[in-house]
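FYI, it's all coordinate maths here, none of it is from the lab. What you see is a predicted model; the values in this text were computed from it and never measured. Cβ sites come from the backbone with ideal geometry, for glycine too, and all protein chains shown count toward neighbours.
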Amino acid sequence: MSRQTARPTDSRKVSAELFTLTYGALVSQLLKDYENDDDVNKQLEKIGYNIGIRAIEDFLARSNVTRCNDFRETADVISKIAFKMFLGISPAVTNWSPAGDEFSLLIENNPLTDFVELPEGHNKLNYSCVLCGALKGALEMVQLEVDVKIVQDQLKGDNVTELRVKFIKRLEDAIPAGED
Amino acid sequence: MTAVHILYKTFYSLYRLICSMSGGSYYFVIVGHHDNPVFEMDFMPSAKANDPKREDHRHLNQFIAHASLDLVDEQMWTTNNMYLKMVDKFNEWFVSAFVTASRMRFVMLHDEKNEDGIKNFFQEIYETYVKHSMNPFYEINTPIKSANFERKVQFYGRKYLTT
């Protein structure tokens with residue numbers, strides 16, 4: 001795959017509030033359609049996954065990063081370059097597991113959740129789990145299988161939103177059946 | 001004056017024979033597009049806070065606020081401001097109003113003149129209301145149940161109304 005030269009930042013910027021409102025409308029509509037919190041969470045992850053597998057191309061083209069040598073580099077690239085590029089925030093990378101295969105991303109001001117209050121009776125709704133799906137999808141496209149979960153959520157009363165990323169395995173490129 | 005308005009007045013003057021009110025009480029209601037109350041709160045001086053007749057007063061306050069909506073709707077077209085000052089008077093109750101850009105009507109019943117306090121209160125509640133309505137889970141015109149919103153209204157009420 002050839003890499004494009006970095007093009008200037010997209011001049012057709014969208015207002016951050018419009019983005020927040022759009023995502024909010026999406027989640028509230030999903031809630032009306034599915035009613036069950038777990039179903040909505042699953043749908044949001046699927047949506048995130050579909051975004052992730054496409055966003056990774058855009059990301060690699062615009063950021064010109066090289067292949068990461070280990071998982072720690074991956075974590076840094078995700079937090080300092082990827083999140084910065086797409087959401088304008090830089091979450092902190094902390095809580096490394098002793099084996100070095102799990103880390104946490106701490107997000108303090110999540111643009112997705114501006115002005116949002118979870119409605120009554122929907123305490124299990126993971127409002128930001130589209131981010132989990134997106135990370136999973138994007139990393140899968142670069143041959144890393146990971147599991148991403150929300151362990152702390154500002155909408156549920158915690159101080160920060162914490163995403164726990166766990167490395168599962170490296171994916172080998174599978175040769176399509178029928179070829180050599 | 002409509003017939004309904006007159007009816008309210010006679011009902012009220014009968015009621016007034018039975019009890020009397022002291023200064024400093026406020027009743028605030030946000031009225032939706034279908035004349036439905038979206039949020040209500042009253043602010044009483046501490047002397048009156050445990051008045052057993054408070055429930056009756058609430059029904060009465062709702063009557064008075066409802067009766068003044070016609071006048072609010074008339075007056076909102078006569079000015080560019082959102083704050084309409086005093087739109088109605090009902091025996092010793094004054095009615096002030098504030099109409100937002102989306103035609104949500106903030107109505108305040110009060111028995112003492114406090115134009116500045118009420119104006120500031122309305123402004124702050126307007127900002128709070130706008131922030132609340134940005135919540136994707138809140139449907140406009142439905143009752144506001146957020147504890148956060150209630151706390152803010154109480155705070156501003158204490159700050160601007162009952163000091």
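Looking at (1) free of Cβ contacts under 8 Å to residues at least 60 places away in the same chain; (2) in contact with a strand residue (DSSP E or B) (Cβ under 7 Å, 6 or more places away or on another chain), which is the only condition A:Cys132 fails?
Evaluating A:Cys132 over (1) free of Cβ contacts under 8 Å to residues at least 60 places away in the same chain; (2) in contact with a strand residue (DSSP E or B) (Cβ under 7 Å, 6 or more places away or on another chain) leaves (1) as the failure.
Looking at B:Asp73, B:Asp56, which is the one that is surrounded by fewer than 16 Cβ atoms within 10 Å (Cβ to Cβ) and free of Cβ contacts under 8 Å to residues at least 40 places away in the same chain?
Residue meeting the stated conditions: B:Asp73.
If you take the residues in the range A:102-121 that are closer than 16 Å to A:Gly157 by Cβ and surrounded by 15 or more Cβ atoms within 10 Å (Cβ to Cβ), which one is farthest from the other protein chains (Cβ to nearest Cβ)?
Step by step, filter the range A:102-121, then rank; the result is A:Leu106.
With the requirement that a residue be assigned to a loop (DSSP other than H, G, I, E, B) and away from every other protein chain (no Cβ under 14 Å), what does the range A:122-144 give you?
Across the range A:122-144, the qualifying residues are A:Lys124, A:Asn126, A:Val142, A:Gln143.
Going residue by residue through the range B:92-114, is there one that turns out to be over 14 Å from the mean Cα position of the chain (by Cα) and within 14 Å of another protein chain (Cβ to nearest Cβ)?
Looking for residues that are over 14 Å from the mean Cα position of the chain (by Cα) and within 14 Å of another protein chain (Cβ to nearest Cβ), one finds none in the range B:92-114, hence no.
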